[in-house]
Amino acid sequence: MATKVLMVCLGNICRSPLAEGIFRHLSHPSTYIVDSAGTANYHTGASPDRRSIAVAAKNGLDISGQKARQLTRNDLDAFDHILVMDEQNRRDALALCSTQTQRNKIELLTAASGHNATHIPDPYYGGEEGFETVFDLVSSCCNAWLAKH
């Protein structure tokens with residue numbers, strides 16, 4: 001049975017769609033099922049940010065078909081691992097939990113991978129270079145996480 005991994009950021013249009021696309025590319029679909037969500041409903045139904053789509057495409061990935069959605073209580077039971085991009089995402093996801101089992105599934109992508117960075121920065125209000133930085137950091141973290149699991 002495949003392990004289910006959920007990538008979570010704030011709006012599900014920048015970091016978590018990149019993380020979903022990168023993780024899907026690096027892993028085998030019979031081993032891992034990956035999805036993404038946001039802790040807020042700002043962009044529900046929207047495609048990823050054009051800059052996320054562009055940096056993914058530049059690196060050979062197509063994330064243009066993804067649609068933003070909000071993290072739900074059902075996700076806390078449906079997924080085996082919930083990997084969040086920053087501490088605020090972690091707090092918001094933990095606030096939805098009703099059991100310790102759910103809480104135990106939530107961890108920072110950077111911590112789960114053993115990476116030196118403490119969080120994945122939100123590139124939304126910056127320029128293209130921020131998306132490049134996020135892509136590289138998320139790729140490194142996903143590779144490290146997969147190597148540990």
Hits in the range 11-28 (condition: of a type in the set (S, T, N, Q) and under 9 Å from the mean Cα position of the chain (by Cα)):
Asn12, Ser16
Taking the range 18-49 and keeping residues in contact with a Lys or Arg (Cβ under 9 Å, 6 or more places away or on another chain) and not in a loop (DSSP other than H, G, I, E, B) leaves Tyr32, Ile33, Val34, Asp35, Ser36, Ala37, Gly38
Those residues that are surrounded by fewer than 20 Cβ atoms within 10 Å (Cβ to Cβ), closer than 12 Å to Lys4 by Cα and touching a residue at least 40 places away in the same chain (Cβ under 8 Å), I need them from the range 33-85; list them, please.
Asp35, Ala78, Asp80, His81
For the range 1-32, what are the residues that are surrounded by fewer than 24 Cβ atoms within 10 Å (Cβ to Cβ), among the hydrophobic types (A, V, I, L, M, F, W, C) and farther than 15 Å from Asn143 by Cα?
Met1, Ala2, Leu10
Name every residue in the range 50-88 that is assigned to a helix (DSSP H, G or I), of a type in the set (Gly, Ala, Ser) and farther than 13 Å from Asn12 by Cα, in order of residue number.
Ala54, Ala56, Ala57, Ala78
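Bear in mind that the values in this text are calculations on the coordinates, not laboratory data. Just so it is clear, the model here is predicted, and its values are computed rather than measured. Cβ sites come from the backbone with ideal geometry, for glycine too, and all protein chains shown count toward neighbours.
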